[in-house]
Amino acid sequence: MKCSEAKELFLIYISEEMEGNLKREFEEHLKECASCKKELELLSSFVNNIEEKEVKVPPELDFKTMEIIEKQERDSLFHQITKLLYPVVFALGLIIGVLLGMGLNKKQEDKILSLIKENTFYIEPYIQNISPEEVLNERTK
Amino acid sequence: MENEREILIAFQRGEKSAFYKIYGEYKNRVYSLIYNIVRNREKAEDIFQEVFFNVFKNKKKIDPSRPFWPYLRRICLNATFSFLRREKASVSIEKIAELVYEDLILKKLSDKELVNLILKELPPSQRMVLILQKFEGYSLKDISSELGISVKAVESLLSRAGKNIIKIYKIIEERNDQKRNYKPKEVEKNEVL
């Protein structure tokens, strides 16, 4: 095994995850190479000296986290309510639309009726398929 | 936690007191795990909030019949790993070594302090793998499945971490040698006169 290959494996060897031929070759290389052996010892002592820091959640972090949770809760409640209201709002919209449409139709109908009443003089002969000349004759009689 | 199953079921039903119990039970453990990986208070706080927000938001995904800690730890590691992935390493190992050396000289650090300072300055994903092995007793396979990366990728992170640590020590050693061999230039009498 070359030094460059051995250097790739230092931390894997320290974590005791190397086995079989690879482990044998690695250990044989260490017997022959003082420089790699020294570097492996350095890394091994490094890993042993890694310190686990016991830290506690500061009170202001408790406060900030709870604020986020409460906001999430409020948003989700609002979302649920709006989700429930969607069909109601849709139905209401539909009803209002129909009623409005009907109201408009009624107005339109009344307008047409009043126009007909006002203009019976012109419309009736047209409906009865009487020519304008006949109408004039009739009127002048 | 006593009656963990009942508390988790109550939490899923929307009982807020159950959430407070879970939070109180696990908050320090979660914070310690994140802090030990990121080694920065502000970043640890951001990730911590994200973790409990996700727990609260996805409460229906919890399986109350299973121990809660492995589930919570996975959320924690995923949040930490994706946070660290978003951060781009901008400082070279040479620069890191210079910073560590300055601290070593100014603060007269012990071996243990030096180790923890180097660890703090290592690229975050490499540091994360080292911490998970050391404190959570994870195998390479465990890390690969928890972080959703291949075993080869974990090995590569470890191998780069090893090379970087050695490089930092070598640069520190060089600086120490330079310092030891440094002799102030003698001022010749003529120059003064």
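Quick notes on this structure:
- When the criteria are applied in full, B:Leu106 fails the requirement of being without any contact (Cβ under 8 Å) to a residue 40 or more places away in the chain, closer than 26 Å to B:Glu50 by Cα and outside the structural domain of B:Asn36 (by TED's automatic domain parsing).
- Condition check for A:Leu85: more than 22 Å from B:Ile34 (Cβ to Cβ), among the aliphatic types (A, V, I, L, M) and within 10 Å of another protein chain (Cβ to nearest Cβ): no
- In the condition set (1) more than 17 Å from the chain's Cα centre (by Cα); (2) more than 12 Å from chain A (Cβ to nearest Cβ); (3) part of a helix (DSSP H, G or I), B:Pro64 is compliant with all but (3).
- So B:Arg29, is it within 16 Å of the chain's Cα centre (by Cα), at pLDDT below 90 and either over 16 Å from B:Phe83 (Cα atoms) or charged (D, E, K, R) (or both): no
- Only one of B:Asp111, B:Asp177 that is within 10 Å of chain A (Cβ to nearest Cβ) and modelled with pLDDT under 85: B:Asp111
- Identity of the residue in the stretch A:29-52, among the aliphatic types (A, V, I, L, M) and under 51 Å from the mean Cα position of the chain (by Cα), that ends up farthest from the other protein chains (Cβ to nearest Cβ): A:Leu40
- Hits in the stretch B:6-15 - residues which are more than 16 Å from B:Asn58 (Cβ to Cβ) and surrounded by 14 or more Cβ atoms within 10 Å (Cβ to Cβ): B:Ile7, B:Ala10
- Pick from the stretch B:139-169, criterion within 12 Å of chain A (Cβ to nearest Cβ) and touching a residue at least 60 places away in the same chain (Cβ under 8 Å), ranking: surrounded by the fewest Cβ atoms within 10 Å (Cβ to Cβ): B:Lys167
- Residues of the stretch A:34-63 that turn out to be assigned to a loop (DSSP other than H, G, I, E, B), touching a Lys or Arg at 6+ places or on another chain (Cβ under 7 Å) and surrounded by 15 or more Cβ atoms within 10 Å (Cβ to Cβ), as a count: 2
- The stretch B:125-138, subset assigned to a helix (DSSP H, G or I) and at the interface with another protein chain (Cβ under 10 Å from one of its Cβ atoms), residue surrounded by the most Cβ atoms within 10 Å (Cβ to Cβ): B:Val129
The values are calculated or read from the model by the stated rules, or taken from the named source; none is laboratory data. Quick caveat, the model's predicted, so the values are computed rather than measured. For neighbour counting, all protein chains shown are included, and Cβ atoms are generated from backbone atoms with ideal geometry for every residue, glycine included.
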